[in-house]
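Visitor: Quick one: structure below, then a few questions.
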Amino acid sequence: MQDKEIVADALRSPDALSRFLRTVEPFIYQTAYYLTGKKADAEDITQESLWKVCRSLGQYQGQGSLRGWIHRVVVNTFREQLRKKRLTVVELDEGLQSSESSVEQQVEMKMTEERLHRAIAALPENYREVIVLRHVHEMSYQEIGEVLELTEAQVKTRLFRGREKLKSLFYGGDQE
């Protein structure tokens, strides 16, 4: 189904809209969680973003991907919350676990994942946004540019600088 058809279907009935919102909620939450690093803040941003998507779905014109449009809503909601509350970003509580891993490997993997999330959370907002959209949501440079209203060159520059900053934070020491 094309993005415009998905939107038209969602606008036809409350049931279809409800199904649509349940479908997009997990990646809205994931984006919010990676941007904030806090479960409570991510839940707040998810709820606010879902409300905004629901209210403005009829305004989606089909220019760019629906996924990109939704991500823009989430990123803008995050930015608004940051300005209003000065969100802080640190805590993480969910990890990757493999049933084949030993307990030691699982603990080590969890610790590494938490360090990575703390490092991502410590990134400046402009770097954190591009890192999350590129590496968590696997968006193209063009899609990221559409969501953040940047040129591809700006996206690439922020990604490069964000990755460098992330390496610095992850391996110790803040080099800025």
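The values are calculated or read from the model by the stated rules, or taken from the named source; none is laboratory data. Everything numeric here is computed off the predicted structure, so don't read it as measured data. Note that we place each Cβ from the backbone using ideal geometry, even for glycine, and neighbour counts take in every protein chain shown. Please note that ligands, DNA and RNA were not included when accessible areas were found on the heavy atoms of the full protein model with its side chains. Shrake-Rupley method; radii C 1.70, N 1.55, O 1.52, S 1.80 Å.
Every residue, every condition in (1) of a type in the set (A, V, I, L, M); (2) farther than 30 Å from A8 by Cβ; (3) at pLDDT 90 or above, yes or no:
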site: K85; (1), (2), (3): no, yes, no
site: H117; (1), (2), (3): no, yes, no
site: I120; (1), (2), (3): yes, yes, no
site: R128; (1), (2), (3): no, yes, yes
site: E138; (1), (2), (3): no, no, no
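Visitor: Let me ask something else about it. Any idea which residue in segment 18-37 is nearest to M139 (Cα to Cα), counting only those that are touching a Leu at 6+ places or on another chain (Cβ under 9 Å) and surrounded by fewer than 17 Cβ atoms within 10 Å (Cβ to Cβ)?
Guide: My answer is E25.
Visitor: What helices (runs of 4 or more DSSP H), lying completely within segment 100-149, carry at least 2 residues that are under 27 Å from L66 (Cβ atoms) and open to solvent by less than 40 Å² (accessible area, probe 1.4 Å)?
Guide: Where helices (runs of 4 or more DSSP H) fall fully within segment 100-149 and carry at least 2 residues being under 27 Å from L66 (Cβ atoms) and open to solvent by less than 40 Å² (accessible area, probe 1.4 Å), they are 125-131, 141-148.
Visitor: Have a look at Q154, Q59 and point out the one that is modelled with pLDDT of 85 or more, closer than 21 Å to F20 by Cβ and either of a type in the set (F, W, Y) or open to solvent by 40 Å² or more (accessible area, probe 1.4 Å) (or both).
Guide: Q59
Visitor: Output yes when any residue across segment 62-72 is assigned to a helix (DSSP H, G or I), modelled with pLDDT of 85 or more and in contact with a Leu (Cβ under 6 Å, 6 or more places away or on another chain), and no when none is.
Guide: Scanning segment 62-72 turns up no residue that is assigned to a helix (DSSP H, G or I), modelled with pLDDT of 85 or more and in contact with a Leu (Cβ under 6 Å, 6 or more places away or on another chain).
Visitor: While we're here: Tell me, which residue of segment 150-176 that is in a loop (DSSP other than H, G, I, E, B) and of a type in the set (S, T, Y) is farthest from V73 (Cα to Cα)?
Guide: Across segment 150-176, the extreme among qualifying residues is Y171.
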